């Protein structure tokens with residue numbers, strides 16, 4: 001037991017304040033900073049609780065698991081709307097990136113990225129791969145290809161794709177006993193969050209593996225959560241979050257169109273709603289920034305939204321959980337996707353307007 005805030009000289013601060021404390025005036029932070037504070041040492045982890053770190057518990061790190069540090073190369077597979085800004089933030093955070101884009105037509109020139117032609121070339125540079133791929137079939141095909149290669153003793157796979165819990169569980173079973181160590185790690189926050197480095201990352205799988213890659217995750221996200229020990233648990237949280245997001249965007253579109261029909265102005269309605277009980281991500285961000293401005297360009301397609309909420313509804317049906325609202329939402333987005341599959345998701349506002 002270590003007291004009075006003491007810590008070994010080789011420890012580095014790993015996480016130290018809650019968002020409440022970070023956003024508070026400087027004079028208030030000491031009072032609010034009653035959060036878990038983690039220092040990472042070469043010998044393991046030391047967890048300190050309370051604002052002054054009065055008590056700490058030393059927790060040895062599992063043998064063979066070393067924390068990723070700046071300078072460790074990471075292979076990023078999928079350099080699309082999400083993968084490219086994630087890769088660039090890794091570079092900014094001190095991690096060299098070997099970038100692999102399966103669709104070579106989407107390759108872009110980005111300072112700090114080393115582009116590689118295939119997975120074998122990526123693995124010649126690193127034993128850690130981060131996937132940002134469109135769906136479960138693409139992820140499974142890529143991992144199946146990896147298993148055909150001559151692999152190092154251990155390859156860490158951080159899968160940020162939204163693939164649903166069932167596929168994530170299947171992948172975990174398929175990779176058992178192989179060198180591939182799989183961390184279910186979907187992200188939320190959209191293209192803007194990926195560019196700003198403010199994503200939320202939800203992880204499920206080995207806690208030791210999560211602890212190892214956490215410093216890298218923090219380069220492109222503001223919040224990192226360990227959801228549980230079973231791959232698929234993070235996917236559950238991701239698809240329920242996207243169901244709520246899709247529902248909020250569709251319902252807000254209908255409500256605001258109702259207001260416009262009564263002569264109310266769109267931006268003013270959002271201003272009022274955002275200090276009232278109807279506030280949601282659509283009224284806070286998507287409608288003011290994308291719809292009111294006429295941009296309709298979040299970088300997240302209608303078909304991806306439909307894919308994500310369909311995963312949610314399928315899971316509801318498999319488990320027998322309530323799904324009446326989700327069925328209605330999926331039907332709405334499905335009709336829109338059939339009409340315009342690659343349209344930006346914020347165009348649901350126009351679609352609802354046209355079908356009222």
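Please determine, by comparing only the residues of the range 340-351 that are in contact (Cβ under 8 Å) with a residue 40 or more places away in the chain and either part of a loop (DSSP other than H, G, I, E, B) or not assigned by TED's automatic domain parsing to the domain that holds residue 282 (or both), which one is surrounded by the most Cβ atoms within 10 Å (Cβ to Cβ).
Top of the filtered list is 343.
Determine whether the range 214-233 contains at least one residue that is assigned to a helix (DSSP H, G or I), within 11 Å of the chain's Cα centre (by Cα) and at pLDDT 95 or above.
Step one: list which residues in the range 214-233 are assigned to a helix (DSSP H, G or I), which gives 214-217, 233.
With within 11 Å of the chain's Cα centre (by Cα) added as a condition, the list becomes 217.
If we keep only those that are at pLDDT 95 or above too, we end up with 217.
Yes; the residues of the range 214-233 include at least one that is assigned to a helix (DSSP H, G or I), within 11 Å of the chain's Cα centre (by Cα) and at pLDDT 95 or above.
Yes/no matrix, rows are residues, columns are (1) touching a helix residue (DSSP H, G or I) at 6+ places or on another chain (Cβ under 8 Å); (2) farther than 21 Å from residue 163 by Cα:
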{"position": "213", "(1), (2)": "no, no"}
{"position": "227", "(1), (2)": "yes, no"}
{"position": "239", "(1), (2)": "yes, no"}
{"position": "246", "(1), (2)": "yes, no"}
{"position": "262", "(1), (2)": "no, yes"}
{"position": "265", "(1), (2)": "no, yes"}
{"position": "269", "(1), (2)": "yes, yes"}
{"position": "273", "(1), (2)": "yes, yes"}
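In contact (Cβ under 8 Å) with a residue 24 or more places away in the chain and either in the same structural domain as residue 159 (by TED's automatic domain parsing) or farther than 20 Å from residue 84 by Cα (or both): does that describe residue 297? Steps first, please.
Values: in contact (Cβ under 8 Å) with a residue 24 or more places away in the chain: yes; either in the same structural domain as residue 159 (by TED's automatic domain parsing) or farther than 20 Å from residue 84 by Cα (or both): no.
No, not satisfied.
Got a sec? Which of 174, 169 is farther than 26 Å from residue 88 by Cβ, at pLDDT 95 or above and buried (at least 16 other Cβ atoms within 10 Å of the Cβ)? Write out each step before concluding.
Numbers: 174 fails: buried (at least 16 other Cβ atoms within 10 Å of the Cβ).
Only one candidate passes the filter, namely 169.
Among the residues in the range 324-332, are any closer than 19 Å to residue 348 by Cα and without any contact (Cβ under 8 Å) to a residue 12 or more places away in the chain? Full working, then the answer.
To start, the set of residues in the range 324-332 that are closer than 19 Å to residue 348 by Cα comprises 325-332.
With without any contact (Cβ under 8 Å) to a residue 12 or more places away in the chain added as a condition, the list becomes 328, 331.
Within the range 324-332, one or more residues are closer than 19 Å to residue 348 by Cα and without any contact (Cβ under 8 Å) to a residue 12 or more places away in the chain.
Just to be sure before I move on: is residue 292 more than 25 Å from the chain's Cα centre (by Cα), free of Cβ contacts under 8 Å to residues at least 40 places away in the same chain, in the same structural domain as residue 261 (by TED's automatic domain parsing) and buried (at least 16 other Cβ atoms within 10 Å of the Cβ) in the structure I sent?
Numbers: more than 25 Å from the chain's Cα centre (by Cα): yes; free of Cβ contacts under 8 Å to residues at least 40 places away in the same chain: yes; in the same structural domain as residue 261 (by TED's automatic domain parsing): yes; buried (at least 16 other Cβ atoms within 10 Å of the Cβ): yes.
Taking the combined requirement at face value, the residue satisfies it.
What is the number of the single condition among (1) outside any helix (DSSP H, G or I); (2) surrounded by 16 or more Cβ atoms within 10 Å (Cβ to Cβ) that residue 264 does not meet?
(2)
Looking at (1) closer than 22 Å to residue 304 by Cα; (2) out of contact with any helix residue (DSSP H, G or I) (no Cβ under 6 Å at 6 or more places or on another chain); (3) modelled with pLDDT of 95 or more, which is the only condition residue 129 fails?
(1)
Within the range 60-100, count every residue that is assigned to a loop (DSSP other than H, G, I, E, B) and modelled with pLDDT under 90.
Residues of the range 60-100 that are assigned to a loop (DSSP other than H, G, I, E, B), as a first pass: 61-73, 78-82, 93-96.
Then keep just the ones that are modelled with pLDDT under 90; that gives 61-71.
Counting residues in the range 60-100 that are assigned to a loop (DSSP other than H, G, I, E, B) and modelled with pLDDT under 90 gives 11.
Can you name the condition, by its number, that residue 152 falls short on among (1) outside any loop (DSSP other than H, G, I, E, B); (2) more than 27 Å from residue 301 (Cα to Cα); (3) in contact (Cβ under 8 Å) with a residue 12 or more places away in the chain?
Every condition holds for residue 152 apart from (1).
If you take the residues of the range 188-213 that are over 13 Å from the mean Cα position of the chain (by Cα) and touching a residue at least 24 places away in the same chain (Cβ under 8 Å), which of them is nearest to residue 313 (Cα to Cα)?
Only one residue tops the list, namely 205.
Say we look at the range 295-314 and pick out the residues that are part of a helix (DSSP H, G or I) and over 20 Å from the mean Cα position of the chain (by Cα); which of these is surrounded by the most Cβ atoms within 10 Å (Cβ to Cβ)? Let's see the steps before the verdict.
So in the range 295-314, the residues part of a helix (DSSP H, G or I) come out as 302-314.
From what's left, over 20 Å from the mean Cα position of the chain (by Cα): 313-314.
Details: 313: 19, 314: 17.
Of everything passing the filter in the range 295-314, 313 is surrounded by the most Cβ atoms within 10 Å (Cβ to Cβ).
Go through the range 155-181 and give me each residue that's part of a strand (DSSP E or B) and over 17 Å from residue 308 (Cβ atoms). Steps first, please.
Within the range 155-181, the subset part of a strand (DSSP E or B) is 155-159, 180-181.
The answer is 155, 156, 157, 158, 180, 181.
Just checking, which of 253, 221, 245, 276 is surrounded by 22 or more Cβ atoms within 10 Å (Cβ to Cβ) and outside the structural domain of residue 180 (by TED's automatic domain parsing)? Spell out the reasoning first.
On the way: 221 fails: outside the structural domain of residue 180 (by TED's automatic domain parsing); 245 fails: surrounded by 22 or more Cβ atoms within 10 Å (Cβ to Cβ); 276 fails: surrounded by 22 or more Cβ atoms within 10 Å (Cβ to Cβ).
Unique residue meeting the criteria: 253.
Starting from residues that are in contact with a strand residue (DSSP E or B) (Cβ under 8 Å, 6 or more places away or on another chain) and free of Cβ contacts under 8 Å to residues at least 40 places away in the same chain, keep the ones in the range 122-149 and report whichever is surrounded by the most Cβ atoms within 10 Å (Cβ to Cβ).
First, pick out the residues of the range 122-149 that are in contact with a strand residue (DSSP E or B) (Cβ under 8 Å, 6 or more places away or on another chain): 122-123, 125-133, 139, 142-143, 146-147.
Checking which are free of Cβ contacts under 8 Å to residues at least 40 places away in the same chain leaves us with 127, 139, 143, 146-147.
Values: 127: 18, 139: 24, 143: 20, 146: 20, 147: 12.
Of everything passing the filter in the range 122-149, 139 is surrounded by the most Cβ atoms within 10 Å (Cβ to Cβ).
The values are calculated or read from the model by the stated rules, or taken from the named source; none is laboratory data. Everything numeric in this text was worked out from a predicted model, so none of it was measured. All Cβ positions, glycine included, derive from the backbone under ideal geometry; neighbour counts span all protein chains shown.
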